[in-house]
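Working notes, structure below.
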Amino acid sequence: MAEGLLLVTIRGSRKSYRARDVEALKRHLIDKDEDYRLLEVSNSDSRASLAEETGNSKLLTIRSCPGFPINSYERIECLLNGKPFVVNPPEGSFLYIDKWQHFVIPEEVVVIGIENMDNFRMIRQQRKLFEAETGNGRLLFVSRYPQSTDLRSWLQGIPNRYIHFGDFDLAGINIFLTEFYQYLGSKSSFLIPSDIELRLKKGSQKRYNDQYTKFKGIHCDIPSLQALIDFINKYHRGYDQEGYILHEEPIKYGK
């Protein structure tokens with residue numbers, strides 16, 4: 001304002017600012033702070049080109065790692081960039097899909113989204129659970145970490161059925177309802193094991209108490225999921241999905 005580079009327009013209680021001369025404003029800002037050099041870089045430029053131009057790739061806030069991880073305990077023949085792509089990672093590994101817009105899977109494959117990375121990594125130790133609750137069809141496991149909307153956008157663009165596997169507590173249900181069901185509708189569902197009521201009886205009361213104030217009013221129009229909400233409120237407990245990972249040692253439930 002002191003340099004006369006900005007014009008102020010007042011409409012009621014609101015103010016807006018416009019540059020008198022865009023190039024002059026750029027030069028002025030760059031002289032004050034090198035971070036403003038990003039104004040000289042087009043939106044399509046990558047970190048690499050930004051580093052070449054300015055010597056500092058951190059000036060541009062872009063996601064260097066788009067996409068999401070995928071996993072499977074059986075071979076699934078897919079397409080990536082229009083070419084055959086086999087998903088069959090050996091135990092101890094999983095794959096990462098970068099160009100998710102060009103990732104195509106068979107329509108009969110059921111996609112299971114797993115919230116916890118331990119559960120995502122150790123899908124073979126939960127195979128009996130998945131087969132008991134989903135049948136014997138082929139399953140592709142996905143994770144939304146690093147957190148972004150890429151996974152959800154991909155799910156919106158495919159016809160495949162989606163099953164959400166998260167913690168059995170009010171916060172976990174809220175994630176499903178607000179971040180998936182709201183956008184995917186009836187092709188999405190929440191994985192509810194047949195023994196969940198027994199497990200909730202020995203679940204974490206602290207987890208329930210910590211979440212109750214924020215999520216006490218949660219409800220939904222899905223009968224099976226509303227029944228789960230009722231169980232959680234009945235026993236005042238939540239249960240972590242890690243409890244379904246089979247270990248050699250007996251599982252110890254939280255207090």
Inset, instruction - Mind checking the per residue accessible area of the range 175-221 for me, 1.4 Å probe, whole number of Å²? - result: 60
Inset, instruction - Express the carbon and sulfur contribution to the solvent-accessible surface of the range 164-223 as a percent, rounded to the nearest whole number, probe 1.4 angstrom. - result: 49
Inset, instruction - Kindly report, to the nearest 10 Å², the accessible surface of LEU191 as traced by a 1.4 Å probe over protein heavy atoms only. - result: 10
Legend entry - Paramagnetic reach from CYS65 in the range 71-110 [backbone N under 19 Å; point 7 Å along Cα→Cβ]: 71-72, 92-101
Inset, instruction - Filter the cross-link list LYS214/LYS234; LYS201/LYS234; LYS202/LYS234; LYS206/LYS234 down to pairs whose alpha-carbon distance in this structure exceeds 19 Å. - result: none
Legend entry - Rounded FRET efficiency, nearest 0.05, which uses the C-beta distance separating HIS247 from ASP221 and R0 of 30 Å: 0.25
Inset, instruction - Can you figure out the FRET efficiency of LYS15 with ASP98, using R₀ = 51 Å and their beta-carbon distance, to the nearest 0.05? - result: 0.75
Inset, instruction - Mind checking the full-extension length gain between ILE30 and LYS206? Use 0.36 nm per residue of separation minus the Cα-Cα distance, one decimal, nm. - result: 58.2 nm
Inset, instruction - Subtracting the Cα-Cα distance from 0.36 nm times the residue separation, let me have the gained length for VAL8 to LYS234 in nm, one decimal. - result: 75.5 nm
Inset, instruction - For CYS65, CYS78, write out the residues from largest to smallest accessible area, computed with a 1.4 angstrom probe and no ligands counted. - result: CYS65, CYS78
Legend entry - Net lengthening on full extension, THR178/ASP195 (0.36 nm per residue, minus Cα-Cα): 3.6 nm
Inset, instruction - With a 1.4 Å probe and all protein chains in place, put TRP154, TRP100 in order of accessible area, largest first. - result: TRP100, TRP154
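The values are calculated or read from the model by the stated rules, or taken from the named source; none is laboratory data. Quick caveat: nothing in here was measured; it's all calculated off a predicted structure. In this analysis, Cβ positions are derived from the backbone assuming ideal geometry, glycine residues included, and neighbour counts consider all displayed protein chains. Each accessible area value is taken on the protein alone, full model and side chains, heavy atoms only, with ligands, DNA and RNA left out. Shrake-Rupley method; radii C 1.70, N 1.55, O 1.52, S 1.80 Å.
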